Amino acid sequence: MNKIQNQTRPVFPFTAIVGQEEMKLALILNVIDPKIGGVMIMGDRGTGKSTTIRAIADLLPEIEVVLDDLFNSHSSDYDLMSDAVKQRIEQGSELSTQFIKVPMIDLPLGATEDRLCGTIDIEKALNEGIKTFEPGLLAKAHRGILYVDEVNLLDDHLVDILLDSAASGWNTVEREGISIRHPSRFVLVGSGNPEEGELRPQLLDRFGMHAEIRTVKEPSLRVQIVEQRSKFDKDPYACIAEFQDKQKGLKSHIISAQEKLPSIIIDYDLRVKISEICGILNVDGLRGDIVTNRAAKAFAAYQNKDEVDIEDIRKVITLCLRHRLRKDPLDSMDSGTKVNEVVNEILGCTEL
């Protein structure tokens, strides 16, 4: 119990969250394979978006980072190392490491570009010849989760920077002819309320998955959610202790899926069916095909399978494609329904 109470801020347990299965699945799959490209969660106010996102971060296993490194560098994976750590390895220096919780970084709406990207101390660089870098949120989020609440209200310029970093895995800061770059690989999670404005289609397309959540209508479920929240607010540590075994079980399940993921195979015929669905839906580019393949593999690993089957594709494809369809102002059909119709046509209709 003491160990639980050492947490600086108690976090609502992920396994205690009632409903919103689509959002929870999208987050879990992105944790299993961060290369899926993050998730955009759109839904009504007060539906537990922020609570769920913070809860998944608290659930993740600790990561090993190089001690005294500003960028949470990995000690052996070159793709996840800063240039300074690579230099130390080339010089034969021994690296000390430590384990830390997976970073969960919030990007506030009023953040400046310097706060996001970091800043270079120009005066020190010119006078002393020393590159002094003050890390920004992109550095702190490396190998973690970067969460943007109300992403549809964020300045477009900052969204562009965010998405460029998420796609390339690197952040470059340039000022007065001085350039510093560092690794910045993170799971990008955005949330918002569609009533407050839509994201530009080209930006929406850069999110790997898109989950839509609605306010729970069923009275008994609403009561369950309210009771669960009240119990946590009254005594958070007792609630955390109550769900400790379920949390451990899900954590080990995610770790097993991460280990199994590289060996998962997806049959050529199934890959063709995915691309056929994308073609019929007029999905621009190939990002939809790539993300669906990745997500299906992650889901198969999560189900402890050796290869992807049709049901794995059926489970994830709407999450991967619904935000990539061209918007027709005269079309009254929901994009998710449109995806489901084509999926049933190509993969065969089945009761879910």
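Taking a virtual spin label 7 Å from the Cα of Ser96 along the C-beta vector, which residues in segment 56-75 bring their backbone nitrogen under 15 Å of it? Output list for this probe position: 65-70. Its Cα centre serving as origin, segment 266-347 has a Cβ charge dipole (Lys and Arg +1, Asp and Glu -1) of approximately 360 debye.
The sum of -39500 (n - 2.57) across all DSSP H runs of n ≥ 4, divided by the residue count of the chain, sets its helix-only mean residue ellipticity at 222 nm to -13500 deg cm²/dmol. Net charge dipole, the chain: roughly 760 debye, given to the nearest 20, about the Cα centre with Cβ charges of +1 for Lys and Arg and -1 for Asp and Glu.
Rounding to the nearest 10 and keeping the result within 0 to 90°, find how far the Cα-based axis of helix 287-302 lies from the longest principal axis of the chain. With both axes taken from Cα atoms, the answer is about 80 degrees.
Backbone phi angles across segment 214-227, fed through the Karplus curve with coefficients 6.51, -1.76 and 1.60 (θ = phi - 60°), yield HN-Hα couplings of 10, 5, 5, 9, 5, x, 5, 5, 4, 4, 4, 5, 4, 5 Hz in residue order; Gly and Pro are listed as x.
Each peptide in 29-35, 247-253 gets a packing score, the mean of other Cβ atoms within 10 Å over its residues, and the list from highest to lowest is 29-35, 247-253.
Listed values for segment 145-151 are Karplus-derived 3J(HN,Hα) couplings in whole Hz (6.51 cos²θ - 1.76 cosθ + 1.60, θ = phi - 60°), namely 10, 10, 10, 10, 7, 6, 4, and x replaces Gly and Pro. Protection proxy ranking for 212-219, 113-120, using the average of other Cβ atoms within 10 Å per residue and placing the highest first: 113-120, 212-219.
Between amide H atoms placed 1.01 Å from N, distances below 5 Å from Gly118 occur with Gly136, Leu137, all of them 5 or more places distant or on a separate chain. Sequentially through segment 267-278, phi angles give Karplus couplings (6.51, -1.76, 1.60; θ = phi - 60°) of 4, 4, 4, 5, 5, 5, 5, 4, 5, 5, 4, 4 Hz, Gly and Pro residues having no value and appearing as x.
FRET efficiency for the Val18 to Glu62 pair, using the beta carbon distance and R₀ = 25 Å, is estimated at 0.35.
The angle separating the long axis of helix 310-321 from the principal Cα axis of greatest extent in the chain is about 60 degrees.
Separation of segment 296-323 and segment 220-261, taken as the distance between their Cα centroids, equals 24 angstrom. Axis of helix 49-59 versus longest Cα principal axis of the chain: the two differ by about 60°, to the nearest ten degrees. Classified by the C-alpha gyration tensor, segment 1-89 has an oblate form. Its axis ratio a/c, with a ≥ b ≥ c, is 1.5 or above, and a/b does not exceed b/c.
A straight Cα-to-Cα reach below 26 Å connects Lys305 with the lysines Lys24, Lys35, Lys246, Lys248, Lys251, Lys260, Lys273, Lys297, Lys315, residues fewer than 8 places away in its own chain not being considered.
For Ile213, the residues whose amide H sits under 5 Å from its own are Met42, Gly43, Asp44, ignoring neighbours fewer than 5 places away on the same chain, with H placed 1.01 Å from N. A cut-off of 5 Å between modelled amide H atoms, ignoring neighbours fewer than 5 places along the same chain, links Gly144 with Val187.
Rule-based calculations on the coordinates, nothing more; no lab input. Just so we're clear, the structure is a prediction, and the values are computed from it rather than from any experiment. Note: ideal-geometry Cβ built from the backbone for every residue, glycine included; neighbour counts use all protein chains shown.
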